[in-house]
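Participant: One structure, pasted below without further comment.
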Amino acid sequence: QGQLVESGGGSVQSGGTLRLSCAASGYFYSSYCMAWFRQVPGKEREGVAGIDSDGSTTYADSVKGRFTISQDNAKNTLYLQMNSLKPDDTAIYYCAAEPTWTGCAWRPLDTLGDYLELWGQGTLVTVSS
């Protein structure tokens, strides 16, 4: 049980940089997983990146080499560093979590969201050309 709140979205030009944050509150076990997703109107939700409490990560092919997922346990915050942004990255970005077990770094990203209990309300990222 808990709550997630995203922030850091905005509007940038192609090639720009943004860092998204997801503040977590409530009860998390020592073992947990967290992930970032994105969605645009008329398209399916896309898994972007996942991280487990042990630091293991996974990324969608479309963002490898450009995005980095990380966490700051002292601040109870998840991050998504987004570099070399493209217009195709425009979407609402959501963070999600399963507070009681790991698995975000190992499950396929296209189905990971089905297993995550907590979801934030999203933050909008707009990339113009």
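The values are calculated or read from the model by the stated rules, or taken from the named source; none is laboratory data. These numbers were taken from a predicted model, which means no experiment stands behind them. With ideal geometry, Cβ positions are generated from the backbone for all residues, glycine too; neighbour counts draw on all protein chains shown. Heads up: the accessible areas ignore ligands, DNA and RNA and are worked out on the full protein's heavy atoms, side chains in. Shrake-Rupley method; radii C 1.70, N 1.55, O 1.52, S 1.80 Å.
Participant: What full-extension length gain, to one decimal in nm, is calculated for W101 and Q121 as 0.36 nm per residue of separation minus the Cα-Cα distance? All intermediate terms of the calculation are to be shown ahead of the outcome.
Facilitator: Details: separation 20, 0.36 × 20 = 7.20 nm, distance 2.22 nm.
Fully extending the segment from W101 to Q121 adds 5.0 nm.
Participant: Next question. Using a 1.4 Å probe on the protein heavy atoms, what percent of the accessible area of the chain belongs to carbon and sulfur?
Facilitator: Working: 2990 of 6660 Å².
Roughly 45 percent, rounded to a whole number.
Participant: From Cα pairs below 8 angstrom and at least 6 apart in sequence, can you work out the relative contact order of the chain, rounded to a whole percent?
Facilitator: Details: 330 pairs, mean separation 47.7, N = 129.
So the answer I get is 37 percent.
Participant: Here are labelled values, (1) 14.5, 51; (2) 14.1, 48; (3) 13.6, 42, and one is the computed Rg and Dmax of the Cα atoms in Å for what I pasted. Which one?
Facilitator: Looking at Rg and Dmax of the Cα atoms in Å for this model, the match is (3).
Participant: Does anything in region 76-103 have its amide N under 19 Å from the 7 Å Cα→Cβ label point of S128, and if so which residues?
Facilitator: Counting only backbone N, you get 84-92.
Participant: For the chain, what does -39500 (n - 2.57) per DSSP helix run (n ≥ 4), summed and divided by total residues, give at 222 nm, in deg cm²/dmol to the nearest 500?
Facilitator: Rounded to the nearest 500, the figure is -500 deg cm²/dmol.
Participant: Still on this structure: Using label points projected 7 Å from each Cα along Cα→Cβ, tell me how many nm separate A23 and E44, to one decimal.
Facilitator: Simple spin-label model gives 3.4 nm for this pair.
Participant: Mind grabbing the accessible area of T90 for me, 1.4 Å probe, Å², rounded to tens?
Facilitator: Its heavy atoms expose roughly 40 Å² to the probe.
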